[in-house]
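See structure below.
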Amino acid sequence: MAIDVEAYYTQYGPMVLRRCRRLLQNEDSAVDAMQDTFVQLLRYSERLEHEAPSSLLYRMATNVCLNKLRSSSRKPEDIGTDLLHQIACADLPENRFIAANLIGKLFSKHQESTRTIAVLHLLDGMTLNEVAKEVGMSVSGVRKRLRPLKGQLLELQRSE
Amino acid sequence: MTQKKELPELFIEKLASKEMPKEMEFSLRHQLEAENNLNRLAQIKQSNRKILDSYPPAQLAASIRLRYEQQKKTTHKSNLRYLIPTSAVLAAAAAAFLIMNIGKEVPVTTQGTQQPQTEYIGLKGAPQLHIHKKTNTGEVKINSGDNATQGDVLQIKFNSSSAKSLIICSVDGHGAVTLHYPEHESESTKVKTNTKRVLPFGYELDNAPGFERFFMVWTQKNTPLNVGQVLNAVKTLKNAESSKLQLEATLHYKDIIVKK
């Protein structure tokens, strides 16, 4: 599916940048992440057939930012007490046997990352119902995905 | 878990982009008004103008396209390493599945019997539970004892037949119990008889070891089922993979075990 990048950027770029600014708290990183988000849109443009661009780009931006936070926080002391960093760096049993991007291409189904789901619920304050609707999962599925992460966050909080 | 004091940021953005479903738009605007936050929409419009001035569309679009082309070159080489063996594995797995499952019956355990019974699809009266695995070409039926893997998405379907209330749930190798139907414990378990239904969302298998065992519990009585009691019965199974479910006499169940 061919995308008019300039048109999508004009319509949604500012929203994506606001999201990246909020999560990364750094203008250069946010602009970088914003561009990476649109690159993801170009790579997975078929997903636009199934959902509204604003929802899709918002979640893609969240995922891109979480990956940036994760790769920049190499040491435990970098994680700090910030919930967003804890989510980004939590040890999660995400699908490992093939890169998640490749699975999305092979099976035409994107599996929303647990971290993105966690940010939507724990940081953005969306209810489980709202998150489930956004990511196209059942409420019980969302709840189950969050279970190991909540256990880790509690553990981190207890150890402080 | 979270106290929602204001509308989530995503909802405001969708309102501003006019991508919120009509039926929700009115109530969200009403909520913004109640929060004294209608100016958030105006702020977004201002912010849009400012960002597009600072980062002009033509310039950013060119930069994005360049990044995309650069990443394509890097990704192509590493993908080749995965695609060839993976496609061969998938083809072999599909062929093996077909060979193993020609003429296979679905083993079913029914409460009150001493031995597991084999049920033939189409037996009158008893509801049917079906699990399918989504693939890139469609769906593959999962029979009890079949294998699936972390990340596989399962589609749950049922035919209510003579059941008047039913619950579908599953337990995994960690002992975690998940309710699939109804979606919430507070919702009704009543179903219309002789109705086929596909649950609206796929269920993704996580990394829990060993198995995911799906239960369909039903009754032909008019009284709806107690979801909490059924979930508790599943949670307290001595052996989650093999023990019989202990239920009241008016309840029946079937199970499908997906091996991992």
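An oblate overall shape is assigned to segment B:127-260, the ratio a/c of its alpha-carbon gyration tensor axes (a ≥ b ≥ c) being 1.5 or greater and a/b not exceeding b/c.
For a straight C-alpha distance cut-off of 14 angstrom, the aspartates and glutamates reachable from B:K244 (same-chain residues fewer than eight places away being disregarded) are B:D255.
Straight-line reach only, C-alpha to C-alpha below 17 angstrom: list the aspartates and glutamates that B:K72 could link to, leaving out same-chain residues fewer than 8 apart. Within the straight-line limit of under 17 Å, B:K72 reaches these aspartates and glutamates: A:D36, A:E46. Mean projected area of the convex hull spanned by the Cα atoms of segment A:1-47, taken over all viewing directions: 3.1 nm².
How would segment B:121-177 be classified by its alpha-carbon gyration tensor: rounded, prolate or oblate, with rounded meaning a/c under 1.5 and the a/b versus b/c comparison settling the rest? Cα axes put segment B:121-177 in the oblate bin. Distance cut-off 28 Å, Cα to Cα: go down the list A:K133/B:K133; A:K144/B:K221; B:K18/B:K50 and report the pairs above it. Violating the 28 Å limit, Cα to Cα: A:K144/B:K221.
Need one number: % antiparallel among DSSP beta bridges in segment B:128-260, to the nearest 5. Of the beta bridges lying entirely in segment B:128-260, close to 95 percent run antiparallel.
Bear in mind these aren't lab numbers, they're just calculated from the coordinates by the rules spelled out. Bear in mind that the values here come from a model prediction, so they are computed numbers and not experimental data.
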